[in-house]
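Notes follow once the structure below has been shown.
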Amino acid sequence: MALIVGGLALLIVGQLGAELFLSRSSLLFVLAGFVVLFGGWNFFRAVLFPWAFLFLMIPIPAIIFNQITFPLQILASKVAAATLPVFGVPVLRQGNVMMLASQILQVAEACSGIRSLMSLVTLAIIYGYLMERRLWIRYVLALASVPVAVAANSFRIISTGLMVEYWDPDKAEGYFHTSWGWIVFVVSLLMLYGLHALIRWILLEKSGDA
């Protein structure tokens, strides 16, 4: 009952303070209270991971979202501005704006990679839970999803710059730009799967040598 009352109190505080994250999270605490009330603590421990996993369905607070998004925009811009000259594309970067010879590219909030990052972290957590029994490998997969997502988003921006310079400037927006984002995300998933396969292969080789 304490969990149910606490969840309802959290809902009231979230509504009074206009904080959506608190009001949305209250549902999960009320749900946990009902599980413990009717099923007991042992049953709740059995469903602890699925319950905790539901927190990932709640959008993070805007103040945290903004603190993460802009650094990701700057990071992607820096990586792209440092890589494009290697392929013969001169770039002048000012913040998250890259000025190419043919067009100006802006790494907007939608191109920061925050959404693909959150999606990849979520998929990495559930993939590790379902496909791997060893706890430390689950942590490795979840943590590795962050640099994988950042690298994939940087690759997306670099490839956009190359297409703008050497192919068609219109490819920087529209359907092609959106579909390219989906393709890069699929590549991120394959990289995560490849990392898991590599870890299992190394462990298998070590056990074979022993």
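A short reminder: the numbers here are calculations on the coordinates, not readings from a lab. Since this is a predicted model, take the numbers as computed values, not measurements. Cβ sites come from the backbone with ideal geometry, for glycine too, and all protein chains shown count toward neighbours.
Give, in nm to one decimal, the length gained when the segment between Tyr139 and Leu190 is fully stretched (0.36 nm per residue of separation minus the Cα-Cα distance).
16.6 nm
What are the radius of gyration and Dmax of region 20-73, computed over its Cα atoms and given in Å?
Radius of gyration, then largest Cα-Cα span, for region 20-73: 14.8, 47 Å.
Quick check: residue separation of Trp41 and Glu132 times 0.36 nm, minus the Cα distance between them. What number comes out in nm?
Taking Trp41 through Glu132 to full extension adds about 30.2 nm, to one decimal.
Expressed in whole Å with the largest first, what are the equivalent ellipsoid semi-axes of the chain derived from the C-alpha gyration tensor as the square root of 5 times each eigenvalue?
Equivalent-ellipsoid dimensions as semi-axes: 39, 26, 12 Å.
Which order do peptides 129-142, 45-58 fall in by mean Cβ count within 10 Å, highest first?
129-142, 45-58
Can you put Lys78, Lys206 in order of Cβ neighbours within 10 angstrom, beginning with the fewest? Each step should come with its number before you reach the end.
On the way: Lys78 15, Lys206 9.
Neighbour counts put them in this order, fewest first: Lys206, Lys78.
For helix 20-39, what angle does its Cα long axis make with the longest principal axis of the chain, in degrees from 0 to 90 and rounded to 10?
For 20-39 against the chain, the angle is about 40 degrees.
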